[in-house]
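Nothing in this text is a laboratory measurement; each read-out follows from the coordinates by a stated rule. If you're wondering where the values come from, they're calculated on a predicted model, not measured in any experiment. In this analysis, Cβ positions are derived from the backbone assuming ideal geometry, glycine residues included, and neighbour counts consider all displayed protein chains.
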Amino acid sequence: MTAEASWSSRTAVVTGGASGIGRATALALAARGASVAVLDKDAGSADEVAARITADGPGTGLSSPCDLSRVGEIRSCVDRIAERFGHIDILVNCAGIVGPRVGLADITEDIWDSVHAINLKAAVFVTQAVVPHMTAGGRRGGNIVNVGSASAHRAVVSSHPYASSKAALESLTRTLAGELAPHEINVNAVAPGVTATAIYGENDDDEARTARARQGPTANLFGRFSQPDDIAAAIVFLCAPESRQITGQVVHVSAGAVV
Ligand SMILES: NC(=O)c1ccc[n+]([C@@H]2O[C@H](COP(=O)([O-])OP(=O)(O)OC[C@H]3O[C@@H](n4cnc5c(N)ncnc54)[C@H](O)[C@@H]3O)[C@@H](O)[C@H]2O)c1
């Protein structure tokens with residue numbers, strides 16, 4: 001089977017696929033030939049990305065509106081995707097929120113739980129719902145990529161719930177790599193540094209961005225923001241046959257913010 005043929009028979013679920021890094025990843029996987037379900041609570045933007053995937057080809061897009069804070073809705077959403085595609089080969093857990101930036105004294109149970117609900121808990125239950133569709137009928141092989149953050153590795157002040165959730169997501173990546181290896185499913189993470197998206201820096205001017213990339217806890221060696229496509233390229237590699245020997249790893253895409 002040629003590389004092109006193998007991509008064209010593959011199907012992907014990208015959570016948070018309506019915006020930023022998830023959107024870039026959904027488009028990049030589809031450009032290779034995969035069919036992609038855009039799972040996001042923002043139904044309008046998910047529709048737009050899915051329609052663009054189908055229009056641009058060769059992959060087919062499917063809009064899958066779902067609020068990941070409602071764990072009870074996750075399985076039925078994933079089952080609908082699998083029913084439409086027949087099976088699922090790739091999962092990118094990309095949806096994430098930063099939450100309010102507060103110091104230790106001001107963390108509330110609500111803030112802590114809401115950030116972990118999306119960044120960590122949803123990734124667990126989306127993965128739990130997807131894996132049976134990767135392994136159904138004795139199928140082997142699959143790729144899962146979790147989107148972590150350089151914040152898990154640095155002392156970013158007032159970022160306790162966010163950094164903690166992303167550190168735990170890396171741990172989950174390692175334990176799942178062990179559990180799913182018998183099914184030939186690769187589980188890896190990417191850890192982006194500052195990236196120009198709605199979550200962080202999209203509305204800043206160049207000067208403000210450059211300052212954040214050059215100084216302080218989010219600084220990196222190149223002194224520049226990443227673009228969503230930079231992160232998407234690493235995710236696509238971790239879903240490609242060329243990375244078959246890589247599992248349980250965290251790939252930093254942060255211009256050297258963490259070395
Ligand atoms: N932008 C950065 O600087 C940066 C750095 C490190 C890590 N990250 C991580 O990258 C990932 C993508 O973030 P982004 O920067 O592209 O931001 P973004 O805001 O552009 O995208 C996040 C997406 O997640 C979706 N989402 C949020 N809550 C949801 C919910 N309850 N149910 C379903 N979907 C939900 C949003 O609708 C949005 O489409 C996140 O996990 C984020 O933590 C981003």
Given springs between every Cα pair under 10 Å in a Gaussian network model of the chain, which of S19, S151, S164 has the largest fluctuation? S164
If I model a spin label as a point 7 Å beyond the Cα along the Cα-Cβ vector, how far apart are those points for W112 and A136 in nm? 3.9 nm
Isolated cysteines for the chain, Cβ-Cβ cutoff 4.7 Å, are C94, C239
Among T60, T175, T15, which one shows the biggest mean-square fluctuation in a GNM of the chain, springs joining Cα atoms closer than 10 Å? T175
Highest to lowest packing among 208-216, 114-122, scored as the average C-beta count within 10 Å: 114-122, 208-216
Using just the C-alpha positions of segment 123-259 as equal point scatterers, what log10 of I(q)/I(0) does the Debye formula give at each q in 0.11, 0.19, 0.20 1/Å? -0.44, -1.07, -1.15
Taking just the alpha carbons, could you work out the radius of gyration and Dmax for the chain, both in angstroms? 17.5, 58
Taking the chain as the reference, fit the longest principal axis to its C-alpha atoms, fit the long axis of helix 20-32 to the helix C-alpha atoms, and give the angle between the two in degrees, 0 to 90, nearest 10. 30 degrees
Taking the convex hull of the Cα atoms, report for segment 36-131 its projected area averaged over all directions, in nm². 6.9 nm²
